[in-house]
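Chemist: Take this structure, written in structure tokens, and hold onto it; I'll ask about it next.
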Amino acid sequence: MPGLPQRPSAHVNAQRSERAFATLFSDDNWVIRPVNPDYGRDLEVELFEDGEATGILFGVQLKSIEKAPRKGRLSKSGIETSSLRYWQSLDYPLLVATYSVPADQVYARWAHSYDWHYKSHAGLCDESCNPGPKTVTFNYRVDHRLTPEAVARLPEQLRFFRAARMGDLRRSPMPVRVDGESVDGHPLARTTEELGRIVAESGRIRFAKPDELAAFLTYTQAEIRAVLPGDLRSTTLHLDRGFYEGSQGHVALAADGVVALAYLLFQLHADNAAADLLMAVAPYSQALFRMNAHLTLAPQLLKAEREDVIEALAAEQLRRRPRRVIGPGLG
């Protein structure tokens, strides 16, 4: 009737998105709680097992858009950078979920999985060296669609996050898989073989078993990409062609993949495991010094009180510094 209040479409879509999300978590293994006031989090979800609370939680930021996926892909723009940094600082992971109204589908990615593109050559930087834009866009792939099968995989991802935060990676090394292609003439198999030596020495990572939730290291001529288990967080080392030329390039490639994994573990506050990885690869890494990654990682090492690694990196940097040759009769 004319003059009566009307319900905005945004409210309708918000309710539809909440209903679609709740349907995916309707069994007895999950309890969904609204967060009031939300401060950037709409929901909190806890995992239950055999009717008992586990204390394993994750947050949810849920949005809806009047846009259908194209070829299974969806994007949500306008996410504030300050919110994203806040989500990544939480003690538990947060799902950035987007509900497509036309498709009646929910897409979701962990906030930690957002890959910051910094000005630094290494891609390892914090907001002090490049504050970045005020808003970012979350792009969703086909495999980011939240389905019952995807929900069934969440407990394993949440347990990994918790283990990393609690320091359990010292007792239970992180599984890793390697794929990609040759870089600067070094076959992937040779890089993987060298990585195996580092794996054995570090005691903090191991090669993954079939069908096991694992981290990924992907090598291409343009980049080394590292992704934590469950796509919780990722980073990319951007490479120049010829960066790893030379007989020992495969050694540096393996070491720099580990540097990228260590950086990601620092972001989850698995500080000691990350520091142990850096100690293992310091003599072989290119990224630590030629990409100045050691400068980005130094504050993390100080916070973790790992002066032993800081001293080892300083000694290695000094060892690599070119020495001035003084000829006969000079000086």
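The values are calculated or read from the model by the stated rules, or taken from the named source; none is laboratory data. Treat the numbers as computed from the prediction; the structure is a model and nothing was measured. All Cβ positions, glycine included, derive from the backbone under ideal geometry; neighbour counts span all protein chains shown. Side chains are part of the model used for accessible areas, which takes the heavy atoms of the whole protein and leaves out ligands, DNA and RNA. Shrake-Rupley method; radii C 1.70, N 1.55, O 1.52, S 1.80 Å.
Chemist: Those residues that are open to solvent by 10 Å² or more (accessible area, probe 1.4 Å), without any contact (Cβ under 8 Å) to a residue 60 or more places away in the chain and part of a helix (DSSP H, G or I), I need them from region 244-264; list them, please.
Modeler: Hit for region 244-264 is V251, nothing else.
Chemist: Right, S285: modelled with pLDDT of 90 or more, part of a loop (DSSP other than H, G, I, E, B) and touching a helix residue (DSSP H, G or I) at 6+ places or on another chain (Cβ under 7 Å) or not?
Modeler: Yes.
Chemist: Same structure, new question: Taking interchain pairs and intrachain pairs at least six residues apart, which have beta carbon atoms under 7 angstrom, with the first residue in region 13-24 and in contact (Cβ under 8 Å) with a residue 24 or more places away in the chain and the second part of a helix (DSSP H, G or I)?
Modeler: L24/P148; L24/V151
Chemist: Picking from A270, A215, which residue would you name as being crowded, with 24+ Cβ neighbours inside 10 Å and touching a residue at least 60 places away in the same chain (Cβ under 8 Å)?
Modeler: A270
Chemist: Taking region 273-293 on its own, how many of its residues are open to solvent by 10 Å² or more (accessible area, probe 1.4 Å) and either of a type outside the set (S, T, N, Q) or free of Cβ contacts under 8 Å to residues at least 12 places away in the same chain (or both)?
Modeler: Number satisfying all stated conditions: 8.
Chemist: Please specify each residue of region 84-102 satisfying the condition of being of a type in the set (G, A, S) and over 12 Å from H112 (Cα atoms).
Modeler: A97, S100
Chemist: Taking the residues in region 164-184 that are small (G, A, S) and over 11 Å from A273 (Cα atoms) as candidates, determine which candidate is surrounded by the fewest Cβ atoms within 10 Å (Cβ to Cβ).
Modeler: This residue is S182.
Chemist: Next question, about the same structure. Would you point out the residue of region 59-85, among those that are outside any strand (DSSP E or B), touching a helix residue (DSSP H, G or I) at 6+ places or on another chain (Cβ under 9 Å) and not charged (D, E, K, R), that is surrounded by the most Cβ atoms within 10 Å (Cβ to Cβ)?
Modeler: Among them, the one singled out is L84.
Chemist: Oh, and also: I'm told Q88 meets every condition in (1) closer than 24 Å to L268 by Cα; (2) surrounded by 14 or more Cβ atoms within 10 Å (Cβ to Cβ); (3) without any contact (Cβ under 8 Å) to a residue 60 or more places away in the chain; (4) out of contact with any Asp or Glu (no Cβ under 9 Å at 6 or more places or on another chain) except one. Can you identify the failing condition by its number?
Modeler: Of the numbered conditions (1) closer than 24 Å to L268 by Cα; (2) surrounded by 14 or more Cβ atoms within 10 Å (Cβ to Cβ); (3) without any contact (Cβ under 8 Å) to a residue 60 or more places away in the chain; (4) out of contact with any Asp or Glu (no Cβ under 9 Å at 6 or more places or on another chain), the odd one out for Q88 is (3).
Chemist: Which numbered condition in (1) in a helix (DSSP H, G or I); (2) under 25 Å from L57 (Cα atoms) is the only one that G196 fails?
Modeler: (2)
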